[in-house]
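**Q** Below is the structure I would like to discuss, written out as structure tokens.
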Amino acid sequence: MKRFLSRILTATAIALVTLTGCFSESTQADNNLTYVNGTHYTTLSTPLPTRVAQDKVEVVELFWYGCPHCYHLEPIINKYLAQKPANVEFVRVPATLSPRWTFHAKLYYVGQLLDPQGTKGVHGKIFDALQKQNRRIDNDEALKRFFVSLGYTNEQIDGVLKSMELDSLMRFATDYSAKSGADSVPNLIVNGKYMTGPGMVGGENVIATLNYLTKKESK
């Protein structure tokens, strides 16, 4: 009986953890399954600039490769991408809340520049390497070895590492992370105005919440 209760408590604890997020320094948000500003989503005090046409709605995922909650959200994000409204433009932005997170942002953008169309699934492979295989990719040499293992040449990787595009993307990620005011991930920001995520609504409600906020911005 004690063993059974222990298993129940452990399962409950795991379930609660998967609904929260990776924090820098904060407490987790209250869960509420109603569309209420301040509970189901928050309105940013200072809207973030978007980079989409006026008739489009931007949805940004703020994430970190080292975050298991971001990894668990990936299947939901992929489901959302397969059915998102036509006027939504989805953008991933790696959070830069610490030096380690910043290096992982670099890892993301190197992968994006090497696989701009996503045909090789580099983003998912990076997540798997860090979350499933427990690989440490926290310096340039480890980064190069990883991308070589995916079939890229040292010349291709060095070209990206030295590129102005990488510098520009890293500056954007740093600026966006700071201006968002987020102290945890994953977070989803709709049209630079509203922030939500599984820590607020639970993973199973993320898509419905994004669709609700998109409709607000489509009027």
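**Q** Tally up the residues in the range 206-216 that are surrounded by fewer than 19 Cβ atoms within 10 Å (Cβ to Cβ) and not aromatic (Phe, Trp, Tyr), please.
**A** First, the residues of the range 206-216 that are surrounded by fewer than 19 Cβ atoms within 10 Å (Cβ to Cβ): 207-208, 211-212, 215-216.
In the following step, the residues that additionally are not aromatic (Phe, Trp, Tyr) were identified as 207-208, 211, 215-216.
Total satisfying the criteria: 5.
**Q** Moving on. Which condition from (1) exposed (fewer than 14 other Cβ atoms within 10 Å of the Cβ); (2) touching a strand residue (DSSP E or B) at 6+ places or on another chain (Cβ under 6 Å); (3) among the β-branched types (Val, Ile, Thr) is the one that Val60 breaks?
**A** (1)
**Q** Hey, could you check the range 85-119 for residues that are in contact with a Leu (Cβ under 7 Å, 6 or more places away or on another chain) and of a type outside the set (Gly, Ala, Ser) and say which is surrounded by the most Cβ atoms within 10 Å (Cβ to Cβ)?
**A** Narrowing the range 85-119 to residues in contact with a Leu (Cβ under 7 Å, 6 or more places away or on another chain): 90, 93, 95, 107, 109-110, 113.
Those left that are additionally of a type outside the set (Gly, Ala, Ser): 90, 93, 107, 109-110, 113.
Details: Phe90: 15, Val93: 23, Leu107: 22, Tyr109: 23, Val110: 25, Leu113: 18.
Out of the qualifying residues, it is Val110.
**Q** For the range 109-133, which residues satisfy the criterion of being in a helix (DSSP H, G or I) and either of a type in the set (Lys, Arg) or at positive phi (or both)? Lay out the reasoning, then the answer.
**A** Quick first cut of the range 109-133, residues in a helix (DSSP H, G or I) only: 109-114, 122-131.
Of everything in the range 109-133, just one residue is in a helix (DSSP H, G or I) and either of a type in the set (Lys, Arg) or at positive phi (or both), namely Lys125.
**Q** Could you look through the range 76-92, keep only residues that are aliphatic (A, V, I, L, M) and touching an Asp or Glu at 6+ places or on another chain (Cβ under 7 Å), and pick out the one that is nearest to Asn191 (Cα to Cα)?
**A** Filtering the range 76-92 down to residues aliphatic (A, V, I, L, M) leaves 76-77, 81-82, 86, 88, 91.
Still in the running and touching an Asp or Glu at 6+ places or on another chain (Cβ under 7 Å): 77, 91.
Details: Ile77: 17, Val91: 11 Å.
Selected residue: Val91.
**Q** Something else now. Check Glu141, Glu155 and return the single one that is over 18 Å from Pro99 (Cα atoms) and acidic (Asp, Glu). Explain how you work it out, then say what you get.
**A** Values: Glu141 fails: over 18 Å from Pro99 (Cα atoms).
Exactly one residue qualifies, and that residue is Glu155.
**Q** Taking the range 81-102, which residues are touching a strand residue (DSSP E or B) at 6+ places or on another chain (Cβ under 8 Å) and not in a loop (DSSP other than H, G, I, E, B)?
**A** Result: Leu81, Val88, Glu89, Phe90, Val91, Arg92, Val93, Pro94, Trp101.
**Q** Let me ask something additional. Identify, from the list Asp175, Asp158, Asp167, the residue that is of a type in the set (D, E, K, R), within 30 Å of Gly38 (Cα to Cα) and loosely packed, with under 15 Cβ neighbours inside 10 Å. Give the steps one after another, and end with the answer.
**A** Values: Asp158 fails: within 30 Å of Gly38 (Cα to Cα); Asp167 fails: within 30 Å of Gly38 (Cα to Cα).
Exactly one residue qualifies, and that residue is Asp175.
**Q** Shifting gears a bit: Is there any pair with a first residue in the range 106-118 that is free of Cβ contacts under 8 Å to residues at least 24 places away in the same chain and a second that is assigned to a helix (DSSP H, G or I) whose Cβ atoms are under 8 Å apart and which are 6 or more apart or on different chains, and what are they?
**A** That search, which allows pairs on different chains as well, returns Asp115/Val122; Asp115/His123.
**Q** Counting just the residues of the range 178-195 that are at positive phi and among the small types (Gly, Ala, Ser), which one comes out surrounded by the most Cβ atoms within 10 Å (Cβ to Cβ)? Show your work before the answer.
**A** Taking the range 178-195 as the starting set, the residues that turn out to be at positive phi are 181, 191-192.
After this cut, where a residue has to be among the small types (Gly, Ala, Ser) as well, the list is 181, 192.
Working: Gly181: 13, Gly192: 21.
Ranking the qualifying residues of the range 178-195, first place goes to Gly192.
**Q** Right, another one. I'd like to check which helices (runs of 4 or more DSSP H) are fully inside the range 134-215 and have at least 2 residues that are closer than 24 Å to Thr119 by Cα and more than 22 Å from the chain's Cα centre (by Cα). Outline the logic, then answer.
**A** Numbers: elements: 140-149, 154-161, 164-180, 198-201.
Helices (runs of 4 or more DSSP H) meeting the threshold: 140-149, 154-161.
**Q** Within the range 27-35, is there a residue that is closer than 30 Å to Thr153 by Cα, of a type outside the set (Lys, Arg), touching a residue at least 24 places away in the same chain (Cβ under 8 Å) and crowded, with 19+ Cβ neighbours inside 10 Å? It would help to see each step written out before you state the result.
**A** Here is the first cut: in the range 27-35, the residues closer than 30 Å to Thr153 by Cα are none.
For the range 27-35, residues closer than 30 Å to Thr153 by Cα, of a type outside the set (Lys, Arg), touching a residue at least 24 places away in the same chain (Cβ under 8 Å) and crowded, with 19+ Cβ neighbours inside 10 Å: absent.
Read-outs: derived from the displayed coordinates by stated rules, not from any lab. The shown structure was predicted, so the numbers you read here are calculated from the model rather than taken from an experiment. Glycine also receives a Cβ, built like all others from the backbone with ideal geometry; neighbour counts cover every protein chain displayed.
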